[in-house]
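Below is one structure, written out as structure tokens, with a few remarks after it.
Just so you know, all these numbers are worked out from the coordinates, no wet-lab data involved. Please read these numbers as outputs of a predicted model, since none were measured by experiment. Glycine also receives a Cβ, built like all others from the backbone with ideal geometry; neighbour counts cover every protein chain displayed.
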Amino acid sequence: MNRSLILGAALTAIFLVAAALSFLWTPYDTETLVIANRLKPPSAVHWLGTDHFGRDILSMIMLGARTSIAVALVAVGIGMGLGVPLGLAAAAHKGGWLDEVISRGGDLVFAFPSLVIAILITAVFGPGATNAIIAIGIFNIPVFARLTRGAALSLWTREFVLAARVAGKNRARISVEHILPNVMNLLIVQGTIQFSLGILAEAGLSYVGLGAQPPIPSWGRMLADAQTMVTLAPHVAIMPGLAIVLMVLGLNLMGDGLRDALDPRLKVLRT
Amino acid sequence: MLAYLAKRLVSLAVSLAVASLVIFLVVEVAPGDPASYMLGINARPDTVAALRAELGLDLSKPERYVAWVGGMLTGDFGTSYTYRTPVSQMVADRLWVSLPLALYALSLSTLIAFPAGLYAASRRGRMGDAAVMGATQLGVAVPNFWFAMLLVLLFAIKLGWFAAGGFPGWDEPLQAIKALTLPAIALALPQAAILARVMRSSLIDILGEDFIRTARAKGLSPGQALRRHGLRNALIPVLTIVGLQFSFLLAGAIIIEQVFFLPGLGRLIFQSITQRDLIVVESVVMLLVFAVIVVNFLVDLAYAAVDPRLRTRR
């Protein structure tokens, strides 16, 4: 086991557990506003302090983790769910029109600045977590399609695939039974990285008011609320930001660690 | 090279056409009629109809698309639904903030990343390398708008060295540059982290090449071999990333402008979203996408000019 995998997995696990726990319990109720308690610095009573409505920041971060994780996870799901089959299909029909359409389509999506398109989508269809998921998810599709295609292409020349062809299996079946299991490691690593990018994207969209809407707590939203209070109570801005950094750092370290742990040969394929 | 150029030009045109179509269609399906929105709920139907005609909203969708694209090609971006002023004028005013900000951030990112990557590569596997790599790992994880808030907290509020936000205009160039400094640092940090990693791995790849070994065999020190033979070769992929980062920075400026209350394209987009001034949103988004696609195209061309193998690979 390598160190970055352990550290990354531990950091990620803290947030996953906190998010899961928040369904059952948070240190304080965040729906009742205690104005007398507002902007209290971190203390033994409120470990991370309180916000401008007197709500406990630790509880808010636990609830916000739910939003961040849910948005990023579903966005990765969209990317994998659509991107992987497209990548497999493109590799199975290498050089054909399908491959061309999928590859050029991917290039086109890559050419768009993702944040700008996310803003366009949420601007037109209205802000909210669902539209943020769609906006982030769309950009995950070509990432997984390209990765799957690249890895699958090299597998199609391997002997076990040739053997399967001789045995009479069609391309779709070979893709699912022989190619997919062999690209799974790569997909898991990339999934971790896209997950961390999704957390950052969700935070950014929520910060500008286009992601999760109140009363759904979200880390980006907490930072937006904190902006005007940063002089009075810096902890209000520092704590949610630290949560984002630690979660993203954890996922990135885990991605790096997984890459090395699952298959050292991946280092060659990395680019 | 000419055949490659022609192929890339066709691809550029197709990308721009598809991008414009996608943006147009996305905005088209937006609920609500701009004319009714502008005139309010008590407007008479004939007034609404007259305004619709004035704005060209009574034309069919294909006609409107052609008119919009045609207008953009000639510099006419339409008229803002809210302010009734030409969108091109609004965009031009704001571009004088966003563009310098992106260029400033790009320079900073390059200035930080090059020495950092070079240092890490030359200390590969040692403490210095680990420290730089750790810092870049952190840099990639920090959301730039949060970093921006921390910068404001430290340098504007605690130390009072910079203003916490706002932009004085270019009449006072030094003040303008000062106002853009914290936003540029905030934008540059994550990009510098990425660039330093690319720089490091590119240098490490090059250092394993035969020609470096030959240079060393000739009696050059590792540092000399790196400076005379390694650097130039390692810079090719790094410069590609620098080019691509420009578009990230231009788009990233949208959020950073919110933190610093800078009157750039980002604030224009958000104001227009709040006012449902979709023609402005549509045009600014198209402009940003255009910038990204064109920069990518230029990077591709520059890369092909330097590395002839790429011209035939596709």
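Tabulated data
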quantity	calculated
Cα long-axis angle, helix B:173-207 against chain B (0 to 90 degrees, to the nearest 10)	50 degrees
Chain B: most fluctuating residue of B:K178, B:K218, B:K61 per GNM, C-alpha cutoff 10 Å	B:K218
DSSP-assigned coil residues among trypsin sites (Lys or Arg not before Pro) in the range A:170-271, each with at most 13 further Cβ atoms within 10 Å	A:R265, A:R270
Semi-axis lengths (Å, descending) of the ellipsoid that matches the C-alpha gyration tensor of the range B:2-73	36, 12, 7
Sparsely packed chymotrypsin sites (Phe, Trp or Tyr not before Pro) within the range A:1-85, loop by DSSP, other Cβ within 10 Å at most 11	A:F23, A:W25
√(5λ) per eigenvalue of the Cα gyration tensor, the range A:2-61, largest first, Å	28, 13, 7
5 angstrom amide H check on B:T79, placed H, neighbours 5+ away	B:V87
Within 10 Å of each Cβ in B:169-177, the average number of Cβ atoms from other chains	0
Cα-Cα P(r), chain A, percent of pairs per 10 Å interval	7, 26, 29, 21, 11, 5, 2, 0
Convex hull volume of chain B per residue (C-alpha atoms, cubic angstrom)	175 Å³
Shielding by partners - mean other protein chain Cβ count within 10 Å, residues of B:252-258	4
Neighbour net charge for B:D171 - beta-carbon separation under 15 angstrom, K R +1, D E -1	-1
Residue mean of other protein chain beta carbons inside 10 Å, A:102-112	4
Nearest 10 degrees, 0 to 90: helix B:45-55 Cα axis against chain B principal axis	40 degrees
Rough spin-label spacing in nm, given labels placed 7 Å along Cα→Cβ, for B:K218 and A:S43	7.1 nm
Most mobile listed residue (B:A253, B:A131, B:A192) in chain B, GNM with C-alpha springs under 10 Å	B:A131
Cα gyration tensor category, rounded, prolate or oblate, for the protein assembly as shown with a/c compared to 1.5	rounded
Pair B:L59, B:A3: separation of 7 Å Cα→Cβ label points (nm)	4.0 nm
Length-normalised contact order of chain A in % [C-alpha pairs under 8 Å, at least 6 apart]	27 percent
Nearest 10 degrees, 0 to 90: helix A:3-21 Cα axis against chain A principal axis	60 degrees
Highest-MSF residue in chain A out of A:I199, A:I188, A:I61 [GNM, Cα springs under 10 Å]	A:I188
Charge context of B:E257, other residues only, Cβ under 15 angstrom, K/R +1, D/E -1	+1
Qualifying trypsin sites (Lys or Arg not before Pro) for the range B:31-94 [loop in DSSP, other Cβ within 10 Å: at most 14]	B:R84
